[in-house]
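I have placed the structure first, in the form of structure tokens, so that the comments after it can refer back to it.
The values are calculated or read from the model by the stated rules, or taken from the named source; none is laboratory data. Just so we're clear, the structure is a prediction, and the values are computed from it rather than from any experiment. Reconstructed Cβ throughout: ideal geometry from the backbone, glycine too, with neighbour counts over all protein chains shown.
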Amino acid sequence: MFNTDKIYEKNDKHVWLSSPTMHGDELEYIKEAYMSNWMSTVGKNIDEVEKHISEYIGTKYAIALASGTASLHLAIKMAAIKAYGMPGSGIVSLKGKKVFCSDMTFSATVNPVLYEGGEPVFIDTEYDTWNMDPKALEKAFEIYPDVKIVVLVHLYGTPAKIDEINTIVKKYNAILIEDAAESMGATYRGSQTGTFGDYNILSFNGNKIITGSSGGCLLTDDEEAAKKARKWSTQSREAAPWYQHEEIGYNYRMSNVIAGVVRGQLPYLNEHIAKKRKIYERYQEGLKGLPVSMNPFDKEKSNPNFWLSCLIVDKAAMCKQVRSESDNCYIKEKGKSCPTEILEAISLINAEGRPIWKPMHNQPIYRMNPFITSDGNGRAKTNAYISGEATDVGMDIFDRGLCLPSDNKMTAEEQDRVIKVIRDCFE
């Protein structure tokens with residue numbers, strides 16, 4: 001438990017990590033779907049969402065789908081066909097094939113690789129952006145030169161080192177898939193994330209910067225791929241007067257009702273980003289002088305969307321903290337703190353934070369998968385990290401980092417209370 005003599009008064013309302021910010025336009029478009037009786041996977045809302053997103057992001061095609069995971073699944077299938085020359089029979093398999101994946105992410109990024117029979121190979125994280133380490137990716141290609149697909153995540157809305165990663169991907173004639181689920185509206189060298197890969201995805205999950213309550217988008221400049229994705233997402237129906245099927249299909253299309261929510265949200269994207277930036281900057285200012293730092297980004301090349309504001313505790317300022325598979329504890333030390341203590345403390349004032357994504361290579365389901373670090377040591381480095389002899393970057397950030405309340409509806413006063421509680425943790 002949070003060991004303090006201070007008694008905190010709870011906020012009157014719950015301060016969320018990142019909840020939907022609604023504006024009212026969403027209801028009008030939902031009503032339009034209802035009144036026009038277009039409630040399924042066809043309608044004006046879907047058409048407008050696809051048009052707006054392709055124009056805003058800068059891709060030729062945007063296919064509105066049921067979720068970011070569904071979008072990534074179809075992206076993986078597209079990449080498999082392009083990479084391995086599989087015939088267009090609809091039977092797309094990655095059986096026996098490895099796919100390089102960002103390590104510090106949510107499991108939805110990785111699971112679609114398994115849907116297609118592939119084997120994820122996890123690429124370690126770097127400290128500059130908390131994203132895939134280009135040096136580790138280069139090492140991975142040296143170890144597995146036949147790999148042809150790379151799945152890159154832009155964590156918490158911060159663009160990865162795209163220049164370096166794309167150079168390596170092209171050097172090995174591989175295909176890049178961008179998981180921009182958390183980074184919609186973020187830019188790298190002035191271009192939107194979601195434009196750098198062959199196939200890219202967005203998410204409109206309930207806590208994202210633009211929400212439909214669910215939903216996602218597949219982005220591509222490839223016309224044939226766009227046609228294929230539309231077909232696959234509607235159960236692969238052929239152009240026949242009856243239900244004709246020559247390929248395996250999926251019920252992956254976005255509904256016109258969900259699209260109404262997304263359509264109503266889209267005009268407010270830049271406003272949402274501006275508010276998220278202010279939250280980040282307020283934390284940065286309010287936590288000055290503490291042995292912590294905010295989630296980093298390349299100020300010259302990238303402009304994040306600041307979806308979640310995060311902090312990491314300096315190594316020397318970490319109190320003793322232990323985590324099992326499902327629980328954690330810590331020992332309070334004067335002048336020190338840790339994510340467990342801070343998260344418990346802010347919960348006392350009715351505010352929500354959460355741990356950093358636990359790296360995939362340390363998840364029980366993926367512990368037997370290859371894990372590559374910048375020196376290629378991977379699992380050996382993880383074991384050495386456990387004994388305190390080496391740095392496993394992803395696990396180090398997971399151990400010392402946390403996500404702070406980043407809700408756009410959080411008031412400055414509520415955020416100031418969160419900041420004060422964090423400062424108290426280091427007393």
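Condition test on A70, is it hydrophobic (A, V, I, L, M, F, W, C), assigned by TED's automatic domain parsing to the domain that holds P120, assigned to a helix (DSSP H, G or I) and crowded, with 23+ Cβ neighbours inside 10 Å? Reasoning before the result, please.
Values: hydrophobic (A, V, I, L, M, F, W, C): yes; assigned by TED's automatic domain parsing to the domain that holds P120: yes; assigned to a helix (DSSP H, G or I): yes; crowded, with 23+ Cβ neighbours inside 10 Å: yes.
For A70, the condition - hydrophobic (A, V, I, L, M, F, W, C), assigned by TED's automatic domain parsing to the domain that holds P120, assigned to a helix (DSSP H, G or I) and crowded, with 23+ Cβ neighbours inside 10 Å - is met.
Taken together, K358, K336, K320 contain a single residue that is in contact with a Cys (Cβ under 6 Å, 6 or more places away or on another chain), in contact (Cβ under 8 Å) with a residue 12 or more places away in the chain, basic (K, R) and under 30 Å from K10 (Cα atoms), which is K336. Every condition in (1) free of Cβ contacts under 8 Å to residues at least 24 places away in the same chain; (2) under 24 Å from V261 (Cα atoms) holds for T211 except the one numbered (1). Scanning the range 99-153 for residues that are assigned to a strand (DSSP E or B), buried (at least 22 other Cβ atoms within 10 Å of the Cβ), in contact (Cβ under 8 Å) with a residue 40 or more places away in the chain and not hydroxyl-bearing (S, T, Y) yields V99, F100, C101, P120, V121, F122, I123, I149, V150, V151, L152, V153. Among the residues of the range 14-33, those that are in contact with a Lys or Arg (Cβ under 9 Å, 6 or more places away or on another chain) and in a loop (DSSP other than H, G, I, E, B) comprise W16, L17, S18, S19, P20, T21. Take S93 and decide whether it is surrounded by fewer than 17 Cβ atoms within 10 Å (Cβ to Cβ) and either in contact with a helix residue (DSSP H, G or I) (Cβ under 9 Å, 6 or more places away or on another chain) or assigned to a loop (DSSP other than H, G, I, E, B) (or both). Spelling it out, S93 is indeed surrounded by fewer than 17 Cβ atoms within 10 Å (Cβ to Cβ) and either in contact with a helix residue (DSSP H, G or I) (Cβ under 9 Å, 6 or more places away or on another chain) or assigned to a loop (DSSP other than H, G, I, E, B) (or both).
Without any contact (Cβ under 8 Å) to a residue 40 or more places away in the chain, more than 21 Å from T59 (Cβ to Cβ) and surrounded by fewer than 24 Cβ atoms within 10 Å (Cβ to Cβ) - does that describe any residue in the range 195-207? No: zero hits. Evaluate the range 306-324: report whether one residue or more is aromatic (F, W, Y), modelled with pLDDT of 95 or more, at negative phi and outside any strand (DSSP E or B). Looking for residues that are aromatic (F, W, Y), modelled with pLDDT of 95 or more, at negative phi and outside any strand (DSSP E or B), one finds at least one in the range 306-324, hence yes.
At least 3 residues being in contact with a strand residue (DSSP E or B) (Cβ under 7 Å, 6 or more places away or on another chain) and outside the structural domain of I356 (by TED's automatic domain parsing) is the threshold, and among the helices (runs of 4 or more DSSP H) wholly inside the range 198-303 those reaching it are 223-233, 256-265.
Going by what's in this entry, would T391 be described as assigned to a loop (DSSP other than H, G, I, E, B), within 20 Å of R323 (Cβ to Cβ) and of a type in the set (S, T, N, Q)? Before you say what the answer is, go through the steps one by one.
Details: assigned to a loop (DSSP other than H, G, I, E, B): yes; within 20 Å of R323 (Cβ to Cβ): yes; of a type in the set (S, T, N, Q): yes.
When the stated conditions are applied, T391 passes them.
Residues of the range 325-361 that are closer than 23 Å to C101 by Cα and modelled with pLDDT under 95: E325 alone.
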